[in-house]
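Trainee: Handing you a structure now.
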Amino acid sequence: MQKDKSKKKTGNYESIYVRWLPAFYGLLALLVIVLPLQKPVNSARAVLSYVFIPQLRAANAVVGYLDGTGDAVKNLINAAAENNALKDEIARLRIDNAQTEALRGENERLSIILNIARQTKWSGIWAKIAYREPSRRSMVIADKGSYDGVELRAPVIGVDDGVVGLLGKVIEVTPNTSKILLSTDDDFFVTAFLDQSRIECLAAGSGRGGMAAKYIPLETQITKGEKVYTSVSSALFPDGVLIGSLAAYGVRDEKDAVFISPPIKLAVDPLGVKEVLILAPIPSGGTEQGVSAAAQTAQKGGKK
Amino acid sequence: MILRFICIFAVFVFATLLHWVFVDIFSPLDINVGVMLVFALITAARAGRAAAYTFAFFCGLFLDFFANAMFGGYALVFTLAVFAFHKIENKIDFSGSGPQIVLTCLINMAATLAYGFLGKIFTGVFLWQGFVSFLVGSIITGLLMPVTYPLAVKYIAIRSREGK
């Protein structure tokens, strides 16, 4: 009888505990949303990374292995024919390489004579895309992290069908992975340079899978299809990285605006790219936001 | 108790792996399939309430961890989804394929809208991936339920809760 009573009592406690559980988890989630940058939340995220990231890496490795199996078998069958073709290709490339070396030497000599600052060679870490955030198309996770030398705010470039172009920047680094904000996100800005018009503008993510060249003065004669590169005045990105080409002539930002914002056709499709080169971040200088603010101030001034 | 925890954790790991596969296939098409929500609902239907809420919370946290907006948003939405599921589960027969598809599809739609509204409240932006993802993603999520449900029950050993 007493045993039954105690069992009933325990059952009641359990029932109360379960009844309040959704409220507890709901409040906990709300607290996490409201305080995303607090130390306990960051610590929880760090702990969770040890649970979630190994699964992600394992899944990525398995799918990557299976993905490559068919190609590996096909390559093995075609190996002999490909080997001969590649030998010819190597011989041709050796000649090209010798010519390139000669041209580089000439270029360096001319740069010294004309006192032009030489462009530094892009070097970085090759990484594979391990995860794409499904609800927003603006972020991917690469399989290299701080252990491999990836740093916060590092520029990221991608290769798509042999075309090298801007992909985004690193916004979060864990020991084995890094989160990349894609250039299409509406929080992404980079100072850009129009190849033919010879003017600077601000390339900004539209948040709808594309980019636009902002703050181009209304009277500028732009050409449809002209190339857009990162500018030498960019604080985060090396100059000369291809962003894309102007897809249209552009419309005014507002009815009485003094700038136009033509859309940019991206050189590298952020959704299709599978391998990326994460460069070392540029150590000094201002910020793209600073350039953006200056341009916005200029726009306000223009309106007045 | 420990065995039960291991079973639930195994389901979680399986869910995350399946989620990754679906992301790999459907993300380039701009469609968001709610694999984690499917498993949260299966756990809600088969395991105890405490386990279901905890499972749903961590499923949501998993998605939040890889998202770049509003950490904790999915955790809250999934907790609310399981709460809503428990409120209506006695009125429907969730063992049949038809109700599974319809209910999962509707809950996924409600969860997507709830997440969007949460985004509007906390970040000022309605987090919305478009109507195609909303409709097609929800339908695929609904169709996934009758395929995953028997698998999860048979092979991943989610046992029916005692004294339901």
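Trainee: All but one of (1) in contact with a helix residue (DSSP H, G or I) (Cβ under 6 Å, 6 or more places away or on another chain); (2) farther than 20 Å from A:G26 by Cβ; (3) at the interface with chain A (Cβ under 7 Å from one of its Cβ atoms); (4) free of Cβ contacts under 8 Å to residues at least 60 places away in the same chain hold for B:N32; which doesn't?
Mentor: (4)
Yes or no, residue by residue, for (1) open to solvent by 30 Å² or more (accessible area, probe 1.4 Å); (2) under 16 Å from the mean Cα position of the chain (by Cα); (3) modelled with pLDDT of 85 or more; (4) facing another protein chain (nearest Cβ under 10 Å):
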position: B:T16; (1), (2), (3), (4): no, yes, yes, yes
position: B:P28; (1), (2), (3), (4): yes, no, no, yes
position: B:L41; (1), (2), (3), (4): no, yes, yes, no
position: B:A56; (1), (2), (3), (4): no, yes, yes, yes
position: B:G60; (1), (2), (3), (4): no, yes, yes, yes
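Trainee: Answer yes or no as to whether B:I101 is farther than 16 Å from B:A15 by Cβ, among the β-branched types (V, I, T) and more than 15 Å from the chain's Cα centre (by Cα).
Mentor: No: the conditions fail for B:I101.
Trainee: Just name the residue that is least open to solvent (accessible area, probe 1.4 Å) out of those in the range A:24-77 that are more than 8 Å from every other protein chain (Cβ to nearest Cβ) and charged (D, E, K, R).
Mentor: Step by step, filter the range A:24-77, then rank; the result is A:D71.
Trainee: Continuing with the same structure: Name, by its number, the condition in (1) buried (at least 21 other Cβ atoms within 10 Å of the Cβ); (2) at pLDDT 85 or above; (3) within 11 Å of chain A (Cβ to nearest Cβ) that does not hold for B:F66.
Mentor: (2)
Trainee: While we're looking at this one, here's another question. Only one of (1) assigned to a loop (DSSP other than H, G, I, E, B); (2) modelled with pLDDT of 85 or more; (3) within 20 Å of A:K179 (Cα to Cα) is not met by A:G225, so which one is it?
Mentor: (3)
Trainee: On the basis of being at pLDDT 85 or above and either closer than 17 Å to B:V13 by Cα or at the interface with another protein chain (Cβ under 8 Å from one of its Cβ atoms) (or both), does B:A51 make the cut?
Mentor: yes
Trainee: Which one of these does A:L152 not meet: (1) loosely packed, with under 15 Cβ neighbours inside 10 Å; (2) more than 16 Å from the chain's Cα centre (by Cα)?
Mentor: (2)
Trainee: Looking only at the range B:94-128, count how many residues are closer than 22 Å to B:A40 by Cα and open to solvent by less than 70 Å² (accessible area, probe 1.4 Å).
Mentor: Adding up the residues that qualify gives 23.
The values are calculated or read from the model by the stated rules, or taken from the named source; none is laboratory data. Here the structure is a predicted model, which is why all the values come from computation and not from measurement. Positions of Cβ are backbone-derived with ideal geometry, glycine not excepted, and every protein chain shown enters the neighbour counts. In case anyone asks, the SASA skips ligands and DNA or RNA and just uses the protein heavy atoms, side chains included. Shrake-Rupley method; radii C 1.70, N 1.55, O 1.52, S 1.80 Å.
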